[in-house]
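Shown next, in structure tokens, is the structure this report addresses.
The values are calculated or read from the model by the stated rules, or taken from the named source; none is laboratory data. All values reported here derive from a predicted model rather than from experimental measurement. Note: ideal-geometry Cβ built from the backbone for every residue, glycine included; neighbour counts use all protein chains shown.
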Amino acid sequence: MMAYIVLDFGGSLVKGAIVEPYRESRHAPKIVQRFSVPSRVTSFSQWFDLFDPIFAQFEREYSINGIAISACGAVDVEQGLVFGGSLLRYILDVNVKALFAERYHLPVEVENDACCAALCEYRYGQNYDSDHFCLVVIGSGVGGAVIADGKLVKGHHLYTGEFGYSILGFENGAPQIVSELASTRGLIKQAAKALKRPRSELDGKKVFELYRAGDETALNVVQCWIGYLATALFNLQYTVDPGVIILGGAISQQPLLIPLLNAELEKYRQAMPYCHIVPKIVAAKYGNDANLIGAVEHFQLMRQG
């Protein structure tokens, strides 16, 4: 059966998979094998040294049809260039598409990670009853993607969806942006400071456990953080006007997250009755697999065109 090697370049790891599409296109492609490769290297040459043996094994075991890449950073999909917004310096301003194609003699396509996730959710996610939606990924920062009329919106500079740069306020003259305040990293930072605990002892799950246990400090921290995130989503609703806002990232699976956001947004509606549109917020269906599945969707769309 036809298969793809899919690579999701993240800040510390490249999450990889062998993905096989179903014959019936309405079904999401199947992840049949997973692997990972460190991404914190200084050059592609070093990274290829790690990946080459893995590729050789897969070439023996599967009928590989191509390589689909999901990358952090702005991506020019036609040229295969990654630039801006990536923590991986060696990937920037490099024709990733040509580099992989030349080395492995396979068709290659590359797209931004959040755009891949949005393509996955649009094609295979829940019935959102809208061709206009925003995907907001909450993690070490806040990023995302916009789908309008069923297609990705990239923008003039290819930065559509970089919601994390939005300014929520100022502190001592310095801008406080969404990625600092409303990300999971921001929640952990705020909780560690308030609880007087090292950040290494906390993650998003632990902070919400303390919240559910009734820890007064955690209650205050989470409610403040919810305010930051709700404000960002409210602004997004009235800027882009999506039919639905889909939340991605591990923290999006917290059962309390969306009810807390809805309660906060209801306060805004009551305070501003002229703002009659209430954001519809749902959790992403495919979670951390959305980047991998969406990368294959992007590959197929590019090859159809």
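Which members of region 34-60 meet the condition of being of a type outside the set (Ser, Thr, Tyr) and in contact with a strand residue (DSSP E or B) (Cβ under 8 Å, 6 or more places away or on another chain)?
If the condition is that a residue be of a type outside the set (Ser, Thr, Tyr) and in contact with a strand residue (DSSP E or B) (Cβ under 8 Å, 6 or more places away or on another chain), then Arg34, Phe35, Val37, Pro38, Phe44, Trp47, Leu50, Phe51, Ile54, Phe55, Phe58 are the ones that fit.
Strands (runs of 3 or more DSSP E) wholly in region 84-179 with at least 2 residues that are out of contact with any His (no Cβ under 6 Å at 6 or more places or on another chain) and closer than 18 Å to Cys72 by Cβ - which ones?
Here the list reads 108-112, 133-138, 142-148.
Mind checking which residues of region 8-19 are more than 13 Å from Phe58 (Cα to Cα) and assigned to a strand (DSSP E or B)?
Asp8, Phe9, Leu13, Val14, Lys15
Out of everything in region 214-268 that is in contact (Cβ under 8 Å) with a residue 24 or more places away in the chain and either outside the structural domain of Ser140 (by TED's automatic domain parsing) or charged (D, E, K, R) (or both), what residue ends up being surrounded by the fewest Cβ atoms within 10 Å (Cβ to Cβ)?
Asp241
Only one of (1) in a strand (DSSP E or B); (2) surrounded by fewer than 16 Cβ atoms within 10 Å (Cβ to Cβ); (3) within 21 Å of the chain's Cα centre (by Cα) is not met by Ile69, so which one is it?
Failed condition: (2).
For every residue, the table says whether it meets (1) assigned to a helix (DSSP H, G or I); (2) more than 30 Å from Val19 (Cα to Cα); (3) at pLDDT below 95.
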| residue | (1), (2), (3) |
| --- | --- |
| Leu219 | yes, yes, no |
| Gly227 | yes, yes, no |
| Asn235 | yes, yes, no |
| Ile246 | no, no, no |
| Ile258 | yes, yes, no |
| Leu265 | yes, yes, no |
| Gln270 | yes, yes, yes |
